[in-house]
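Here is the structure we will look at, set down as structure tokens.
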């Protein structure tokens, strides 16, 4: 290659080939070098390039050194032979100016007509994505941006816990069994598919012979209090294990924190607000199966103050309700989930909900046994927070929060 040695060194450091998709960065970088001044490059890329941490340097370079004309979400199956989700990056070989804008668009199926969603100053867009490792957010509206600005200064989950993939067996057929066998060290294990919100359904046993397993994990894994998170889902789905199960690598576990903190995080991860954040920022509204990586979970913001006592109580109560095999308490479960969502909103945005109706109702519920009708004072008058919890955050309520935050 005729490239200077210093450039080669920089490429090796910034764009190492770590996996199937990471080499794409080299092609984009090489194409940019061929552009004349004011020339335009459009690149169809795997959508992972817009979100994976390993591409943060490339994404930052494009935003800081070039004009990003358009970012387009093509979704899955852009061509018949391409089933993965893809996006298009359009850049001009010019430094961004104060009036440079980034156009955010999507494609309508099956016509493949481009649907412009919004246009935002490139300076403002850079400010928006910088806290999230320069992930290119393709499906954001003005009210989304206001909420994300409120979340960007909060502490991150990764600073308080250890987040790890589960055990790699190397040979699942040999190591897993639906019943414990006579020979071997058979231990209850949870897989990703065994996890639902506040519930872990153990269906298999693992022969925990550490010298045979590819990556056996820590020897005390089973007895650790931990959160177990499904790996393949659009947003986090978590269950608190008090120390009964091993965890297979189709799930991720969060540990090395006090049980009441882990239970509180369980409520946060299963909430509609965190689900909205994860889909909007981390997975970029991906429609296909998404791998929830440990570093992605670590990026989730936490409230500045978490009421551990009340949130831990909520986790215990919902875990008990979901454990009921006869599903006798559907209404009570839904009510508690709504109360949890409302309390989470108040926890993240205390200045928007100064009256703290849901938090006070939750505190009252932990003092003495209460009927489900008493969980939210006032019966039908659920207050703004409780009404908010009954809606998805992709509803007009996002606009209401945004309006209140201005």
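Any read-out appearing in this document is the output of simple, stated calculations on the displayed coordinates, not a laboratory observation. Everything numeric here is computed off the predicted structure, so don't read it as measured data. Methodologically, a virtual Cβ is constructed for each residue, glycine included, from the backbone with ideal geometry; neighbour enumeration extends over all protein chains shown.
Given 0.36 nm per residue, what is the gain on full extension from residue 118 to residue 5 after removing their alpha carbon distance, in nm?
Extending this stretch completely gives an extra 36.5 nm.
What order, most packed first, do the peptides 254-260, 326-332 have when packing is the mean number of other Cβ atoms within 10 Å of each residue?
254-260, 326-332
Using Cα-Cα distances under 8 Å and only pairs 6 or more residues apart, what relative contact order does region 139-206 have, in percent?
Over region 139-206, the number comes to 26 percent.
To the nearest 0.05, what FRET efficiency results for residue 187 and residue 324 with a Förster distance of 25 Å applied to their C-beta separation?
Approximately 0.45, to the nearest 0.05.
So how much slack lies between residue 219 and residue 178, counting 0.36 nm per residue of separation and subtracting their Cα-Cα distance, in nm?
12.5 nm
So how far apart, in nm, are the two label points at residue 258 and residue 37 if each is 7 Å from Cα heading toward Cβ?
Distance between label points: 6.1 nm.
Work out the FRET efficiency for residue 211 and residue 291 from their Cβ-Cβ distance, taking R0 = 25 Å, and round it to the nearest 0.05.
Approximately 0.30, to the nearest 0.05.
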